[in-house]
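For reference, the structure discussed in these notes is given below.
The values are calculated or read from the model by the stated rules, or taken from the named source; none is laboratory data. All figures in this text were calculated on a predicted structure; none of them were measured in a lab. Because the Cβ atoms are built from the backbone with ideal geometry, glycine has one as well, and the counts that use them run over all protein chains shown. Heads up: the accessible areas ignore ligands, DNA and RNA and are worked out on the full protein's heavy atoms, side chains in. Shrake-Rupley method; radii C 1.70, N 1.55, O 1.52, S 1.80 Å.
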Amino acid sequence: YPRIRDYPAELCRPGITLAELFHYNAARGDYGDGDAATHVAERIGQVRRREPVDVDQTLGDGRILASRYRSLADGGLLATYEDVTEARRSAAMLQADRERHAMVTAAISEGLYDWDIVARTLHVSDRLNLLFDFAQHELTADDWVARVHPDDLPTYSAAIRAHLAGQAPRLEATYRIRDKTGTYRWVEDHAQALRHENGRAVRLVGAIADVTARKAAQEALQESEARYALAMSAINEGIYEFDLSEDKVFYSESVYKAMGLAPGELTTAQDWLDRIHPEDLPTYRKAMAAHLRGETPRFQVEVRYYNNDGSLHWARQHGTAVRDAGGRAVRVVGSTGNITAEKTLADELDKARTRLSEALESISQGFALFDAED
């Protein structure tokens, strides 16, 4: 007790009153600013109400104590204290991580999952539950596998085995899965295993995207348009977090991989702005400024940028601002991806359509086309 409360030995002996202890605490600043006698009177009054008290108290030296007061049948008081400084700080860090997790899932419109392979437990984000209409905590790893379409199960299982065995650098799978209504949805599954020091996979962390609508659209496209849609589906994006107050930007490893940059090259907003093509920079700045002012619900822009070899590429960047109580943007969390292939295919498609149109208009004959049903 004296060690946790940091009391001198002479203060912890029979005959010392509770008021004396409270006064000692007030004098050394445990209760903050204000008159010591007032602080003591408030706490004595609280004890005399004989109500259970559970409170965290931050001491003058920065430690946090979990204090519990319980009245005894004979009119006395039982007080217990526990040093929970590290526990509370860890909880605060965990809460910050959860907030970041929530913002990321909102920005990328994908559901995230964390599968503990050893314990066979599956934790999924709210976004993933929303996509598939599952109640929170209902889904398990076995449930998920059981819902995969029978025709897709061999491919899905082979992809997982290959990645867990270290034969593939990451899990990349597209398959159908059944929701609660019995309807099969197409999803894209991207995941990365976390491994024990002996190389054995112990966790699988990934993202699920519902691509049912896109799959339906792809089936209606012509061959050239189908190639274009497939290129879009293969785009790999990475996550970023921009701290506006400190002008620091965190990028996930997948951003550097997708953008053709070396890890750690981008640390500030200016590092990225310096790579954007001068003609696209005003558009980027305007879109970001509008979102930070609250004029748009989401920041989204497509710009050209230079990678390390000096070649010009296209990037798509979108994100959502985190705001303080006054509505001021303090962070932007989102994703960035390389869409050069998509832009190239789109340009080729436009050129092909233009060539076809010009060819038809250049011939001297009239041209008509009737289908098989007239």
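Scanning the chain for chymotrypsin sites (Phe, Trp or Tyr not before Pro) lying in DSSP loops with no more than 14 further Cβ atoms inside 10 Å, the longest uninterrupted stretch between such sites is 1-366.
Heavy-atom surface analysis with a 1.4 Å probe gives the chain a carbon and sulfur content of 53 percent of its accessible area.
Computed over the Cα atoms of the stretch 120-197, pair by distinct pair, the Kirkwood hydrodynamic radius stands at 13.4 angstrom. Over every Cα atom in the stretch 49-193, the radius of gyration and the widest Cα-Cα span, Dmax, amount to 23.3, 72 Å. Based on C-alpha pairs under 8 angstrom that are at least 6 apart in sequence, the chain has a relative contact order of 10 percent.
Here the chain is treated with +1 on each Lys and Arg Cβ and -1 on each Asp and Glu Cβ, and its dipole about the Cα centre works out to around 1080 debye. Along the charge dipole of the chain, pointing to its positive end and built from +1/-1 on Cβ of Lys, Arg, Asp and Glu, which listed residue (192, 12, 300) has its Cα farthest out? Of 192, 12, 300, it is 12. Could you let me know the centre-to-centre spacing of the stretch 147-188 and the stretch 301-359, using Cα atoms, in angstrom? With the stretch 147-188 and the stretch 301-359 each reduced to a Cα centre, they are spaced 29 Å.
How about the stretch 289-374: which GluC sites (Glu not before Pro) there are in a DSSP loop, with at most 16 other Cβ atoms within 10 Å of their Cβ?
Values: sites: 295, 302, 342, 348, 358, 361, 373; in loops: 295, 373.
The qualifying sites are 295, 373.
Global dimensions of the stretch 1-105 from alpha-carbon coordinates: Rg and Dmax equal 16.8, 59 Å. Gyration tensor over the Cα atoms of the stretch 271-334: the corresponding equivalent ellipsoid has semi-axes (square roots of 5 times the eigenvalues, largest first) of 25, 11, 9 Å. Charge tally for residue 207 (other residues, Cβ to Cβ under 10 Å; Lys, Arg +1; Asp, Glu -1): -3.
Give the accessible surface of the chain per residue, rounded to a whole number of Å², with probe radius 1.4 Å and ligands, DNA and RNA excluded.
I get 59 Å² per residue for this part.
Using the alpha-carbon centroid of each, what span in Å lies between the stretch 3-20 and the stretch 262-280? Cα centroid of the stretch 3-20 versus Cα centroid of the stretch 262-280: 60 Å apart.
Rg/Rh, computed from the Cα trace of the stretch 26-82 with Rh as the Kirkwood radius, has the value 0.99. With a sphere of radius 9 Å drawn around the Cβ of residue 103, what net charge do the other residues whose Cβ falls strictly inside it have (Lys, Arg +1; Asp, Glu -1)? Around residue 103, the charge tally is 0. Note on the stretch 48-120: the alpha carbon radius of gyration divided by the globular reference 2.2 N^0.38 Å gives 1.77. Computed from the Kirkwood radius of its Cα pairs, the Stokes-Einstein diffusion coefficient for the chain at 20 °C and 1.002 mPa s stands at 81 µm²/s.
Three semi-axes describe the equivalent ellipsoid of the stretch 222-374; taken as square roots of 5 times the Cα gyration tensor eigenvalues and ordered largest first, they are 40, 18, 15 Å. Taking each of 180/215; 248/343; 257/343; 215/286 in turn, the alpha-carbon distance tops 27 angstrom for 248/343; 215/286. Between residue 211 and residue 292, residue separation times 0.36 nm minus the direct Cα-Cα distance comes to 26.2 nm.
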